[in-house]
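The values are calculated or read from the model by the stated rules, or taken from the named source; none is laboratory data. Small disclaimer: the values here were computed from a predicted structure and weren't measured. Cβ atoms come from the backbone with ideal geometry, glycine included; neighbour counts cover every protein chain shown. Please note that ligands, DNA and RNA were not included when accessible areas were found on the heavy atoms of the full protein model with its side chains. Shrake-Rupley method; radii C 1.70, N 1.55, O 1.52, S 1.80 Å.
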Amino acid sequence: MAERIDGKAVSAMVKDELKERVRKEGIEATLAVIQVGDDPASTVYVGNKKKACEYIGIRSLSFELPEETKEEELLDLVRELNEREDVDGILVQLPLPPHMDEDKVIRTISPKKDVDGFHPQSVGALSIGQPGFVSCTPAGIIELLKRSGVDIDGKECVIVGRSNIVGKPMALLMLRENATVTVCHSHTKQLKEVAKRADILIVAIGKPKFITREYVKEGAVVIDVGIHRDAQNKLCGDVDFDDVEPVASAITPVPGGVGPMTIAMLMKNCVEAKGLQ
Ligand code: GUN
């Protein structure tokens, strides 16, 4: 039976530490949160981010723009927030409506306020080991592994998924921790065999319950980034939890695994953004 890696508990610990730091050091940070349209999942995520801000003592400003907003209007808002001295972090919730160019919007955010770590300058800094904001989900996974006592140095890490938000920065972070890293994707041949090499298997492919025990080495640590609803409308991940749990040594549940860590790391980035202005 695998140990359950409790992302909710670890996230609560990180948030409490941040809250204490904000109080002790008198940090007054402000996060601007922009949502375009009313995608229900985005509304839930944005609500959770604002709630976390309130808990820690970070001021949040909400900008809710209608779906039909012109790209130039959004870019103007981002430019205005870049200039505002009372704003430390800017978050544009993704996905944006199809008539908007996400890359262009991300590039417009000042790297000093890029608390999501999506700007090419932030990604470039990460790739050469220089300081900068790191994408919150992969940063949260590192924090979760470390605080759960999982040793990364020298381990075989296989990442399934190569997105800009998770897979690629995850690979860079695991490399920084001295893991041997393999990144798999939809064109990978013999995915099962490759995944089975992993001491630490990180799954972010966006397919519900895709990873079964045939992909997992006995005793592996399994980290599930996916979030979906199954046929019974129950939340599930990219990993078939019930099938994999008996062979893993540790595994993150969905919900309550990686998800809460993403928000905790966003909060950490917001507190750190204050020091850059
Ligand atoms: N949409 C899904 N995940 C994220 C995230 O981490 N940041 C933003 N801005 N949008 C998202």
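Remarks
- Selection count, the stretch 196-208, where residues are of a type outside the set (Asp, Glu), in a loop (DSSP other than H, G, I, E, B) and surrounded by 19 or more Cβ atoms within 10 Å (Cβ to Cβ): 3
- Residue match in the stretch 32-52 (condition: away from the ligand (no atom under 16 Å from the Cβ) and either of a type outside the set (Gly, Ala, Ser) or at pLDDT below 95 (or both)): no
- Residues located in the stretch 217-246, provided they are aliphatic (A, V, I, L, M), crowded, with 24+ Cβ neighbours inside 10 Å and either on the phi > 0 side of the Ramachandran plot or in a loop (DSSP other than H, G, I, E, B) (or both): ALA220, VAL225
- So VAL87, is it β-branched (Val, Ile, Thr), away from the ligand (no atom under 15 Å from the Cβ) and closer than 24 Å to VAL44 by Cα: yes
- When we screen ALA179, ALA220, ALA264, ALA198 for residues that are in contact (Cβ under 8 Å) with a residue 24 or more places away in the chain and under 17 Å from the mean Cα position of the chain (by Cα), the only hit is ALA264.
- For the residues GLU80, GLU67, GLU85, the requirement of being in contact (Cβ under 8 Å) with a residue 60 or more places away in the chain and open to solvent by 30 Å² or more (accessible area, probe 1.4 Å) singles out GLU85.
- Qualifying positions in the stretch 183-195 - exposed (fewer than 15 other Cβ atoms within 10 Å of the Cβ) and in contact (Cβ under 8 Å) with a residue 24 or more places away in the chain: HIS185
- LYS196 vs. criteria in contact with a Lys or Arg (Cβ under 6 Å, 6 or more places away or on another chain) and either farther than 28 Å from VAL92 by Cα or at pLDDT 95 or above (or both): yes
- Entry remark, the stretch 96-128: residues being within 14 Å of the ligand (Cβ to nearest atom), touching an Asp or Glu at 6+ places or on another chain (Cβ under 7 Å) and farther than 30 Å from ASN178 by Cα number 3 in total.
- LYS234 being basic (Lys, Arg) and without any contact (Cβ under 8 Å) to a residue 24 or more places away in the chain: yes
- Boolean, SER148 is over 22 Å from ILE5 (Cα atoms) and of a type in the set (Ser, Thr, Tyr): no
Here is a yes/no grid of residues against (1) of a type in the set (A, V, I, L, M, F, W, C); (2) over 18 Å from ARG59 (Cβ atoms):
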| site | (1), (2) |
| --- | --- |
| ARG79 | no, yes |
| GLU83 | no, no |
| LEU96 | yes, yes |
| ILE106 | yes, yes |
| LYS113 | no, no |
| PRO120 | no, yes |
| GLY132 | no, yes |
| PRO138 | no, yes |
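- Tally of residues being at negative phi and surrounded by 17 or more Cβ atoms within 10 Å (Cβ to Cβ) across the stretch 51-60: 5
- Candidates THR180, THR212, filtered to the one that is among the β-branched types (Val, Ile, Thr) and either touching a His at 6+ places or on another chain (Cβ under 7 Å) or open to solvent by 40 Å² or more (accessible area, probe 1.4 Å) (or both): THR180
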